[in-house]
Amino acid sequence: MATLLIWVAYGLMLLFLARLGRNNDAVLPGKVNVFIQALAYVATYISAVALVGFGGLCHRMGLQMLLLAAGNMWLGTWFVYRYLAWPTKRRQEELGARTPAHLISLGYQSPRLRPVLGVISAILLVTYSSAVFKGAALMLAEALPLTVDQSLIVLVGVVAVGVLLGGLRGVLYTEAFQGAIMVFGVLLLVVGTIKAVGGLSVGLESLARIPPTPDADRGFLALSSGSGSLTVIFLALVTSVGIWAQPQLIQRHFALKDKTAAHRAAPLAVLVIGLIVGGAYFAAALSRVIMPDSMSPDLVIPTLVSRLLPAFGQQLFIIAIVSASLSTASALLHIAAGGLGEDFRGRKLGGAAWVTVVIACALGAGICAKVSSQIIAAICTISWTLIASALMIPYLALLVWGRQSSLRGWLPTIIGLASALTWYAVGYGATSRGLSGLAAPGLWGVMHPMVIGLAASLAAFGLAVALEKKPAVVTKALAE
């Protein structure tokens, strides 16, 4: 009964905050204060993918994975608020954009680019949502007498209702609440893990005595040797730099009041994200002392919670995981529904049309979560990589130089996306061997598709500039 009351109170609080933040615009939020902005950004950034998926990888690969937490703090949060957030808001106001796809299409003076970006974002973010829902469902099934499939249905339904009830301002309020819960839940897990290994110093000494494995070798020293170190470094880049152009996070910057608000939000956001991901990743890496390396990464955190925390602590941590997922999934569904609805159709949606698109995106994410056999972290990184490869260069160029020609928007987007997809299929050994049986030789085989995609997108942007400056010369050279 106590467990049921906790979850009912949590659900009612979410509904109250969603209704409190309700407004007439379901895509573009109003201005919110710095505290809400910072917590909402972190809650959108961090989901069950980070806490369950990457937490599981930390158990497999050891303390070297804390590089991801450092990257999330300084590149994914501080750098964003210091250099990208306010320029994004300024361009959004200058161009009158309502969504990230709308922002880029207006910046590159190409109305036809908007539906293309909207559809690309929607497809990839629905796929990413499936990983978010899967991670939360695994945890919810630990807390309540529900199967994983039943948990998926509950979570998809709650998120869809929350999106429809509150609009994006409501999502910001619920995300701030959920971000605070995430901090307390992770701190409980860290304390429980340290106690279980006999204290911090004893635990670290025990961890150092564990024989090296192919994935976890010599802690942080592993970052300086071999292809395994490149895997960790590339994961840090995808999760810390690849997120710069994620539509659900770009949308958060639209809520900023001024440049001062962006700079004031930075330290709070850095602190919160450091506590959440740093704590979760440290606990997962330290848990190698008490849990076998052979365990599936997706089961590490759920198992750790069930073993180490008392009943109340288990419920609080699981609520933290569900909070992380609901906050991210709500933002993803807003962007995905906006992409398929507003961006694709070119006009604001409302009424039955908006309800239909939100439900369709929620069902799509739930179905993908049900049928996918990939680990959670892999689904996340693939989605983020493809979005970054398509949008990063046009987005950053727009922030720096303002409105530009259509060609500079189209070429980097198409070539960047195509290059990343191609590398996943024929070059990146982790995926290409299963897809095509091919892989690039040596270290090229571990070169992450985001690096290839961004390099190709940047080259395409340069080609577009050259074509505009000397079209006849360049055309002749290409023909020869």
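I'm trying to understand the selection: among the residues of the stretch 273-298, which are surrounded by fewer than 21 Cβ atoms within 10 Å (Cβ to Cβ) and within 17 Å of Pro211 (Cα to Cα)?
Once the filter is applied, which keeps residues that are surrounded by fewer than 21 Cβ atoms within 10 Å (Cβ to Cβ) and within 17 Å of Pro211 (Cα to Cα), the stretch 273-298 yields Val289, Ile290, Met291, Pro292, Asp293, Ser294, Met295.
Going residue by residue through the stretch 393-406, is there one that turns out to be surrounded by fewer than 18 Cβ atoms within 10 Å (Cβ to Cβ) and in contact with an Asp or Glu (Cβ under 7 Å, 6 or more places away or on another chain)?
Within the stretch 393-406, one or more residues are surrounded by fewer than 18 Cβ atoms within 10 Å (Cβ to Cβ) and in contact with an Asp or Glu (Cβ under 7 Å, 6 or more places away or on another chain).
Scan the stretch 201-214 and give yes if some residue there is at pLDDT below 85 and crowded, with 23+ Cβ neighbours inside 10 Å, otherwise no.
no
Can you work out which of the residues in the stretch 145-156 that are in contact (Cβ under 8 Å) with a residue 24 or more places away in the chain and within 22 Å of the chain's Cα centre (by Cα) is surrounded by the fewest Cβ atoms within 10 Å (Cβ to Cβ)?
Ile153
Tell me whether the stretch 310-318 contains one or more residues that are within 22 Å of the chain's Cα centre (by Cα) and more than 30 Å from Ala455 (Cβ to Cβ).
Checked the stretch 310-318: at least one residue is within 22 Å of the chain's Cα centre (by Cα) and more than 30 Å from Ala455 (Cβ to Cβ).
Against the definition (at pLDDT 85 or above and over 20 Å from Met182 (Cα atoms)), how does Leu67 come out, yes or no?
Here the answer is yes, as Leu67 does meet what is asked.
The values are calculated or read from the model by the stated rules, or taken from the named source; none is laboratory data. In this text, all values refer to a predicted model and were calculated from it rather than measured experimentally. Glycine also receives a Cβ, built like all others from the backbone with ideal geometry; neighbour counts cover every protein chain displayed.
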